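Read-outs: derived from the displayed coordinates by stated rules, not from any lab. Just so you know, these numbers come straight off a predicted model, no measurement behind them. Counting neighbours? That spans all protein chains shown, and the Cβs are built from the backbone with ideal geometry, glycine included.
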Amino acid sequence: MSTLPIAATEESEAQAPVPMTEEQKFFFDLRGWILLPSVLDETEIEVMKAEVYAGAEKSFGGNLQKLIDHPAVVGILTEILSEPAFASDDGYSFRCENSFITVRPPGWDTGERSDNGMPHVVRPPQQANAMRYQVAGGRIFSGLTRVVWELEEVKSGQGGTTFLSGSHKAAFGYGGPDPYRPSISESPWEQNMRDTMDQYSCPPGSVVIFTESLIHAANNWTNPDSSRCAVFNCYNSIWAQWHRLNLGHELISAMPAKRQSLFRGTWALGAGGNQTYSEDNRCL
Ligand SMILES: O=C(O)CCC(=O)C(=O)O
Ligand SMILES: [Fe+2]
């Protein structure tokens with residue numbers, strides 16, 4: 001008979017990652033993004049929305065912290081950002097490197113963003129770089145990867161993030177003057193590209209996962225019924241970093257041990273590699 005306390009058993013069962021399905025792999029590879037509808041239940045949505053509307057700007061504290069390694073995204077991130085041998089019971093095989101939260105009331109427009117809603121990537125995948133989407137040996141490596149938690153309903157055409165599906169595998173430039181420019185600004189095809197972008201509708205508590213190699217854009221929020229209330233978490237390989245994190249040791253050390261490993265330093269060499277977070281092995 002097991003001697004584990006019931007609560008601990010429930011906790012470990014609740015945390016079992018949901019593996020990425022073959023269908024999700026197919027569509028993520030084809031389009032560069034996937035939608036997981038209705039992942040959170042009503043109570044979770046209410047609790048998390050309350051934290052956002054009370055002013056949370058990142059998801060590193062409170063109940064929002066659970067989104068960082070929610071079982072619905074851990075299986076997918078393990079598949080698209082790591083090698084199987086680097087996954088262990090104690091540490092994740094990928095890193096979390098950024099989080100921001102946006103609340104956009106009806107009427108919010110992209111003039112409030114520095115990019116004015118211009119479709120963009122982090123680095124154009126047409127040139128080799130350490131952040132880009134790749135597929136080799138039957139595995140996806142998504143590069144810098146964004147996980148968006150939509151805490152309010154999103155209606156297609158009313159302000160969700162939009163995607164130029166397939167552009168994460170583009171071999172030719174966007175038509176602008178500089179092949180390294182990470183946006184489609186000054187492209188003679190800008191409007192055609194915007195017209196080709198995909199939109200989604202989803203209930204509150206849904207997740208959108210996309211590679212930052214994919215052309216994507218912020219849009220005016222025109223849904224009169226609610227604000228956009230979305231948590232944007234960003235992930236990378238344990239061997240690469242894009243964002244400066246600046247997350248304090250006090251906050252990280254109060255997290256469950258496995259969650260802490262998402263914030264370990266970005267290096268690898270040595271027997272067993274780099275698995276465990278500590279104050280002097282912290283991602284800066
Ligand atoms: O605000 C949005 O809808 C887009 C956000 C974005 O550009 C990103 O997550 O990289
Ligand atoms: Fe972006």
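For His216, neighbours were defined as the other residues whose beta-carbon sits under 14 Å from its Cβ, and their charges (Lys and Arg +1, Asp and Glu -1) total +2. Counted residue by residue at 0.36 nm each, then reduced by the alpha carbon distance between them, the extension gain from Ala257 to Asp280 reaches 6.7 nm.
Using the beta-carbon distance between Phe100 and Gln191 and R0 = 25 Å, what value does 1/(1 + (r/R0)^6) give for FRET efficiency, to the nearest 0.05? For R0 = 25 Å, the calculated efficiency reads 0.30. Quick one: if the Förster radius is 22 Å, what FRET efficiency do Asn63 and His249 give, using the C-beta to C-beta distance and rounding to 0.05? FRET efficiency, Asn63 to His249: 0.55.
With contacts taken as Cα pairs under 8 Å at a separation of at least 6 residues, the chain carries a relative contact order of 27 percent.
Close Lys pairs in the range 11-263, defined as Cα atoms under 17 Å apart and 8 or more places apart or on different chains, number 5.
Springs between alpha-carbon pairs under 10 angstrom, Gaussian network model over the chain: which of Glu22, Glu152, Glu212 fluctuates most? Answer for the Gaussian network model of the chain: Glu22. By the count of other C-beta atoms within 10 Å, a proxy for reagent exposure, Met193, Met48 are ordered fewest to most as Met193, Met48. Given a 10 angstrom Cα cut-off, can you work out which residue in Arg244, Arg95, Arg31 is the most mobile in a GNM of the chain? Result: Arg244 has the largest fluctuation of those listed. Cβ crowding within 10 Å, taken as a proxy for footprinting-reagent exposure, orders Trp108, Trp242 from fewest neighbours to most as Trp242, Trp108.
For the chain, modelled as a GNM whose springs connect Cα atoms under 10 angstrom apart, the maximal fluctuation among Gln126, Gln199, Gln191 occurs at Gln191. Counting every Cα pair in the chain, what percent are over 31 Å apart? Of all Cα-Cα pairs in the chain, 27 percent lie more than 31 Å apart. Listed by Cβ neighbour count within 10 Å, with the fewest neighbours leading, His216, His249 appear as His249, His216. Taking the helices alone, the chain has a mean residue ellipticity at 222 nm of -5500 deg cm²/dmol, built from -39,500 (n - 2.57) per DSSP H run of at least 4 residues and averaged over all its residues. With a Förster radius of 25 Å applied to the beta-carbon distance between Ala268 and Val18, the computed FRET efficiency rounds to 0.40.
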